[in-house]
Amino acid sequence: MRRPGASSLLLHAALVTTSLISLTPLGWMAAAAFMQPGEANALPPHLLPHDPTLQNFVALFTRLDMARAFLNSAVITVLATVLSVFVNAMAGYAFAKLPFPGRDRLFKRLASALVVPAQVGMLPLFLLLRELGLVNTYAGVLVPYMASIFGIFLVRQYALGVSDDLLDAARVDGAGEFRIFAVIVLPVIRPILATLAAFTFLSAWNDFMWPLIVLSDGHMATLPVALASLVGEHVQDTELMMAGSMLTILPALVVFLIFQRFFVRGITAGSVKG
Amino acid sequence: MKSTLTKRSPLEKRQMRAALWFLAPALLLLLVFFFLPVVAGLLLGLTDFDIYAIGSPGNARFVGLENYARLLTNDVFWRSLGNTLFFVALGGPLSVAVSLGAAMLVDAKLTRLRPLFRTIYFAPVVTTLVSVAIIWRYLYHPRYGLLNHVLGLVGVGPIDWLGDPHWAMPAIVLLAVWKNFGYNMLIFVAGLQAVPAELYEAAAIDGAGGWQRFRHITLPGLAPTFLFVGVTTMIGYFQVFAEPYVMTQGGPLGSTRSVVLFMYEEGFRWWRIGTASATAVVLLLITLAGALLQFRLQKERT
């Protein structure tokens, strides 16, 4: 048998190596974002900027309309998060705690539609929004983010644990169903709403295919869409592209670091749905 | 559940009314903007809906299974399907293996700073796919890229990762594994923690070595987790789109065009909505087959 000291050393060497693999691409991005034009193509490669500059970020905001893309992304993501939490919390609670005939069958049917890939409905949805005049609008891109079967599922599983006695006591006191939901249920299910909010925020912020399709006008583009079109014209400007990538990734990373524990809960909850 | 014939109490009626109002927004949104388009997609796949029909839908004709027949003779479609299968067959098992390895590292008894490593491994998961695809495009640069530089230090000759049809798809697989392994790692960690510790203790008393414990306790204990992780990963990988769109535009020589990229090009570049919808239905069928497989295997176990 190996000594514990040796195995611990080996284990931590593996942990650190894997960490380096995870972090190097992001670290290189962060370094290159502050490099002078051309420095990212130096041989041998620079791991840190030798003469750090903010000019790449300045160019993104002044020459290249990325401020608008940032604003578009922020507005769409915040609206998607707020609306999705509101809509799915109500539905998830109803499926858990408000009995009506056929409820559990309806929920099962809904849950089985989780496997349908979003791409199947994308073309018709685009044509529908085109008829409604919603292409190249915030409303158009938001529409499929608002209600989510996964979101309803998450809230329902959590709301099942809300005590019936608590609800009945409120009913005896004469509270209406909406009041009960707003005053009693919402505070109790707050942790899962944070999970749902974190999930929606990150998936809306990072989404690419749907905004690419529905926001074809350059002024409406979100950051990922703007970035993908920028790389077409500026592929030689490595430092500029890394600044743009950093601008896009950073808000997602910050939100993740703040909401990390809620995020982990959502992933493990999703994995036991079976 | 009470029969509909029995008289409902006022409370029951009140709750049913409330349920209607609570469910209405979500169900209406899902109906109009999800279920309706999915059904419409199935139908559009049976028509020759194209750019002329966008202006006046009356121009679209019912053509039966013609779109499907044409797909079967379309080399670009078959190539895309083959590329996607390659991506799934290589990337799926590789992702699952790396996730399990990382989970075992993070979950090991001797590991210090567990939350820190977990956070680091998970960080790529939350990053924007378009951005990391762009980053990796530069890392893969044959001349200036960091990857070839590091490989060069150990004597491996420069590889034209994204320019060589043989390397482009493996390169995209590598990016996908790097980006995604942290997600399944979390699920594996939860699975590892559910394996009873007594089993390991009993095995240690019996003198079982590390490999034997892994083979006879860890792996069987993780079987349900494997099933879930394996199937969801493969279903997700079938939808690969942004990586080839950003890194290679499907090239070189069509070696990285995926099914969804093919669908996107058919639908939104050439406005052949009928063919694109039929492609989406193929994607749906593959996904359903995967889900059915998971369901069957799960039933077999219980």
task: Would you count, across the protein assembly as shown, every pair of lysines whose alpha carbons are under 20 angstrom apart, provided the pair is eight or more residues apart or spans two chains?
output: 9
query: To the nearest 500 deg cm²/dmol, what mean residue ellipticity at 222 nm is calculated for chain B from DSSP H runs of n ≥ 4 alone, each contributing -39,500 (n - 2.57), summed and divided by the residues?
result: -22000 deg cm²/dmol
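Based on the mean of other Cβ atoms within 10 Å per residue, sort peptides B:79-87, A:167-175 so the most packed one is first.
Numbers: B:79-87: 20.1, A:167-175: 12.9.
Final packing ranking: B:79-87, A:167-175.
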- request: Would you tell me the mean number of C-beta atoms belonging to other protein chains that fall within 10 Å of each C-beta in B:273-280, as a whole number?
  value: 3
- request: For the protein assembly as shown, just the Cα atoms, rotate onto the principal axes and tell me the three extents in Å, largest first.
  value: 82, 75, 49
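Arrange the following residues from fewest to most other Cβ atoms within 10 Å of their Cβ: A:68, A:63.
Numbers: A:68 15, A:63 9.
Neighbour counts put them in this order, fewest first: A:63, A:68.
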message: 5 Å is the cut-off here: which amide hydrogens, built 1.01 Å from N in the peptide plane, fall below it relative to residue B:47, excluding neighbours closer than 5 in sequence?
response: B:63
- request: Considering only A:243, A:118, A:30, give the residue with the highest GNM mean-square fluctuation for chain A, with springs between Cα atoms whenever their separation is below 10 Å.
  value: A:118
Under 12 Å from the residue A:63 label point (7 Å along Cα→beta-carbon), backbone N, region A:204-247: A:234-241
field: Alpha-carbon centroids, region B:177-239 and region B:116-164: separation in whole Å
entry: 28
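If neighbour count is taken as other Cβ atoms inside 10 Å, put A:201, B:49, B:295 in order from fewest to most. Don't skip to the end; give the middle numbers.
On the way: A:201 23, B:49 28, B:295 15.
With the sparsest Cβ surroundings first, the list reads B:295, A:201, B:49.
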- request: Please work out how much length the chain gains when fully extended from residue B:31 to residue B:43, using 0.36 nm per residue of separation minus the C-alpha to C-alpha distance, in nm with one decimal.
  value: 2.7 nm
field: Alpha-carbon gyration tensor eigenvalues x 5, square-rooted, for region B:118-252, Å
entry: 37, 19, 13
statement: Given A:8-17, A:223-232, the highest-first ranking by average Cβ count within 10 Å works out to A:223-232, A:8-17
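Just subtract the alpha-carbon distance of residue A:82 and residue A:13 from 0.36 nm times their residue separation and send over the number in nm, one decimal. Could you put the intermediate results ahead of the total?
Working: separation 69, 0.36 × 69 = 24.84 nm, distance 4.29 nm.
Net length gain for the segment: 20.5 nm.
With r defined as the distance between the Cβ atoms of residue A:178 and residue A:254 and R0 fixed at 25 Å, what FRET efficiency is calculated, to the nearest 0.05? Present the calculation step by step, with values, prior to reporting the outcome.
Details: r = 35 Å, r/R0 = 1.39.
It comes out at approximately 0.10.
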query: Using the Karplus equation 6.51 cos²θ - 1.76 cosθ + 1.60 (θ = phi - 60°), what ³J(HN,Hα) coupling, rounded to whole Hz, does each residue of region A:34-51 give in order, writing x for Gly and Pro?
result: 9, 8, 5, x, x, 5, 5, 9, 5, 10, x, x, 7, 8, 10, x, 6, 9
- line: In whole percent, the Cα-Cα distances of region B:10-59 spread across 5 Å bins from 0 upward as 5, 17, 14, 14, 12, 10, 8, 7, 6, 4, 3, 0
- line: Counting sequence-distant residues (5 or more places) and residues on other chains, those with an amide H built under 5 Å from that of residue B:159 are none
- prompt: What list of ³J(HN,Hα) values in whole Hz, one per residue of region A:68-82 in order, does the Karplus curve 6.51 cos²θ - 1.76 cosθ + 1.60 (θ = phi - 60°) give from phi, with Gly and Pro shown as x?
  reply: 5, 4, 4, 4, 4, 4, 5, 4, 4, 5, 5, 4, 4, 5, 4
Residue mean of other protein chain beta carbons inside 10 Å, B:113-123: 5
statement: Whole-Hz Karplus couplings 3J(HN,Hα) for region A:112-119, θ = phi - 60° and coefficients 6.51, -1.76, 1.60, Gly and Pro as x, run 6, 6, 4, 7, 6, x, 4, 4
- line: Exposure-ranked with fewest Cβ neighbours within 10 Å first, B:161, B:21 stand as B:21, B:161
query: What FRET efficiency, computed as 1/(1 + (r/R0)^6) with R0 = 60 Å and r the Cβ-Cβ distance, is obtained for residue B:300 and residue A:131, rounded to the nearest 0.05?
result: 0.80
message: What does the structure give for A:91-104 when I average, per residue, the other chain Cβ atoms found within 10 Å of the residue Cβ?
response: 5
task: Give the calculated FRET efficiency between residue B:9 and residue A:74 to the nearest 0.05, with a Förster radius of 41 Å applied to their Cβ-Cβ distance.
output: 0.25
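Exactly which chymotrypsin sites (Phe, Trp or Tyr not before Pro) in region A:116-179 are in a DSSP loop and have at most 15 other Cβ atoms within 10 Å?
Values: sites: A:126, A:138, A:145, A:150, A:153, A:158, A:178; in loops: none.
Those that pass, being in a loop and sparsely packed, number zero.
With runs of 4+ DSSP H residues as the only contributors, calculate the mean residue ellipticity of chain A at 222 nm using -39,500 (n - 2.57) per run, divided by the residue total and rounded to the nearest 500.
Numbers: 12 runs with 189 residues, N = 274.
Result for chain A: -23000 deg cm²/dmol, rounded to the nearest 500.
Laboratory data are not the source of any read-out in this text; all were calculated from the coordinates shown. Just so it is clear, the model here is predicted, and its values are computed rather than measured. Methodologically, a virtual Cβ is constructed for each residue, glycine included, from the backbone with ideal geometry; neighbour enumeration extends over all protein chains shown.
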